[in-house]
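The values are calculated or read from the model by the stated rules, or taken from the named source; none is laboratory data. Not measured: the values here are computed from a predicted model. Cβ atoms come from the backbone with ideal geometry, glycine included; neighbour counts cover every protein chain shown. The area values use the complete protein model at the heavy-atom level, side chains included, leaving out ligands, DNA and RNA. Shrake-Rupley method; radii C 1.70, N 1.55, O 1.52, S 1.80 Å.
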Amino acid sequence: MASSKMISRKMIKLLSPTPPSLRCHKLSFMDHINFHLHSPYAFFYPKIPQNYSGKISQILENSLSKVLSFYYPLAGKINNNYTYVDCNDTGVEYLNVRIDCPMSQIINDPYNDAVGVVFPQDLPWSTSLNRSPLVVQLSHFDCGGIAVSACTSHTIFDGHSLSKFINDWASTARNMDFKPSPQFNASTFFPLPSETNLSSTLPTTHPSKCHVSRMYNFSSSNLTRLKDIVTKESHVKNPTRIEVASALVHKCGVTMSMEKSGMFKPTLMIHAMNLRPPIPLNTMGNAVCIILTTTVTEDEVKLPHFVAKLQKDKQQLRDKLKDMKKDMMPLYTLELGKNAMNIIEKDTHDVYVCSGMTNTGLHKIDFGWGEPVRVTLATSNKNNFIFMDEQSGDGLNVLITLTKDDMLKFQSNKELLEFASPVVESTK
């Protein structure tokens with residue numbers, strides 16, 4: 001197990017102070033009801049050009065200071081009841097850490113859990129109230145490679161907002177004259193009601209040591225094969241990459257469950273759906289609704305049937321939201337979350353959570369020294385599927401988190417291995 005040693009810890013201040021008029025950033029209703037956790041992303045760079053030797057940290061610090069002037073809530077403090085951020089320019093935590101192993105030992109480990117060493121200890125997926133809304137760690141490996149990790153408060157940022165921030169930070173690192181254009185106006189679309197004693201839509205839990213994660217790759221050609229299977233055996237039209245890939249990992253999850261119990265158990269898959277548009281793309285905050293797709297028979301688990309069901313549920317949600325006033329969307333999202341919680345508490349279904357970070361540019365984040373060889377997250381909760389773009393081509397990577405026992409069964413599924421392969425990178 002690799003260990004880390006702290007080199008330095010500091011607070012990165014904003015290059016330009018936040019104007020008094022922006023000191024209080026009102027959180028939206030969507031922000032208020034969302035997960036109050038730090039979302040942990042890491043970017044691995046194995047080869048640093050000679051001309052960047054000794055300059056990496058200074059480049060990251062200077063560009064972070066500049067971009068924070070535009071993303072000022074990340075340098076503030078969230079109040080106790082999650083209704084606003086005091087944008088007091090406290091700054092963000094920045095850690096410099098040395099890892100006592102080569103990068104290859106981490107990214108070539110069959111389990112993704114090894115990447116935990118590049119995140120601040122105990123921070124990933126933990127509460128964001130008493131920590132900086134953004135914590136950055138620069139990890140130096142024995143081989144000369146580096147990892148840049150960012151843990152951002154989900155109270156302030158959803159996945160779209162996080163990807164916009166990371167892209168803008170990288171653009172600023174390459175060109176200090178770059179000017180980002182985020183808008184922290186989500187509360188105008190989703191204003192908080194006068195009574196704000198609501199809890200999150202889903203429970204705040206922490207990853208267990210009994211959970212493990214592995215990353216699998218669906219090549220472009222295998223995704224095409226899956227799409228062909230779905231369209232030939234059903235009336236489904238134009239299935240997306242995530243639709244067919246999530247249908248397969250869901251089916252493999254059902255197979256795994258049946259191997260354990262000897263019988264079929266109904267399932268609930270929770271998909272996250274970005275509400276941009278109709279919300280503007282540059283609106284920062286949480287603008288996500290959830291899609292609930294259930295199966296109650298084995299036949300509904302088959303790929304064509306499940307994709308058809310998923311597409312129908314998506315379209316029904318779009319139709320529902322199309323004529324809905326924007327300030328009613330959080331209440332509807334909260335209602336869906338409560339429906340999901342009722343199913344979870346009754347334990348009548350196996351529950352899977354699926355989210356996508358595709359088409360965000362995160363797989364090509366370049367601070368000036370090239371693109372990463374791996375983009376990943378820390379291990380999360382069980383039965384979690386997170387889809388990302390692969391580093392090259394049009395394929396998908398999916399980070400799958402299960403219990404240790406379930407993973408042993410899941411990873412040997414022949415149908416999974418027919419269409420997906422474990423991700424193994426080489427730094428040689």
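Points to keep in mind about this one:
- Cβ-derived FRET efficiency at R0 30 Å, K5 paired with R276, nearest 0.05: 0.15
- Prolate/oblate/rounded call for the stretch 1-122, Cα gyration tensor, a/c under 1.5 rounded: oblate
- For H25, the shell of other residues with beta-carbons less than 14 Å away shows a net charge of 0, using +1 for Lys and Arg and -1 for Asp and Glu.
- Gain upon complete extension [S221, T90; 0.36 nm per residue less C-alpha separation]: 42.3 nm
- Net charge of Cβ neighbours under 9 Å - reference E93; Lys, Arg +1; Asp, Glu -1: +3
- Packing, as the average of other Cβ atoms within 10 Å across residues, places the peptides 86-96, 116-126 in the order 116-126, 86-96, highest first.
- Rolling a 1.4 angstrom probe over the chain with all protein chains present gives an accessible area of which 51% lies on carbon and sulfur atoms.
- For L129 and E300, a Förster radius of 60 Å and the Cβ-Cβ distance give a FRET efficiency of 0.90, rounded to the nearest 0.05.
- Dividing the mean sequence gap of close Cα pairs (under 8 Å, 6+ apart) by how many residues the chain holds gives a relative contact order of 23 percent.
- Rounded, prolate or oblate (a/c below 1.5 giving rounded, otherwise prolate when a/b exceeds b/c) for the stretch 211-422 by Cα gyration tensor: rounded
- Its Cα gyration tensor gives the stretch 132-176 an equivalent ellipsoid. The semi-axes, each the square root of 5 times an eigenvalue, are 22, 15, 8 Å from largest down.
- Pairs with C-alpha atoms separated by more than 23 Å, drawn from the list K237/K314; K10/K179; K314/K364; K312/K346, are K10/K179; K314/K364; K312/K346.
- For the stretch 208-260 versus the stretch 123-173, the gap between their alpha-carbon centres in whole angstrom: 29 Å
- Fully extending the segment from N175 to N79 would add 31.2 nm, taking 0.36 nm per residue of separation and subtracting the current Cα-Cα distance.
- Formal net charge of residues neighbouring N339 (Cβ-Cβ distance under 13 Å; K, R +1; D, E -1): -1
- Segment K326-D122, extension gain: residue separation times 0.36 nm, minus the distance between their alpha carbons: 69.8 nm
- Under the Debye formula (equal points on every Cα, no solvent term), log10 I(q)/I(0) of the chain at q = 0.06, 0.07, 0.09, 0.13 Å⁻¹: -0.24, -0.33, -0.56, -1.20
- With a threshold of 27 Å on the Cα-Cα distance, the over-threshold entries among K13/K164; K26/K309; K164/K322 are K26/K309.
- From its DSSP helices (H runs of at least four residues, each -39,500 (n - 2.57)), the chain gives a residue-normalised ellipticity at 222 nm of -9000 deg cm²/dmol.
- Test item: Cα-centred dipole of the chain, Lys/Arg +1 and Asp/Glu -1 on Cβ, debye: 520 debye
- Only beta bridges with both residues in the chain are counted; by DSSP, about 75 percent of them are antiparallel.
- Cα gyration tensor category, rounded, prolate or oblate, for the stretch 67-199 with a/c compared to 1.5: prolate
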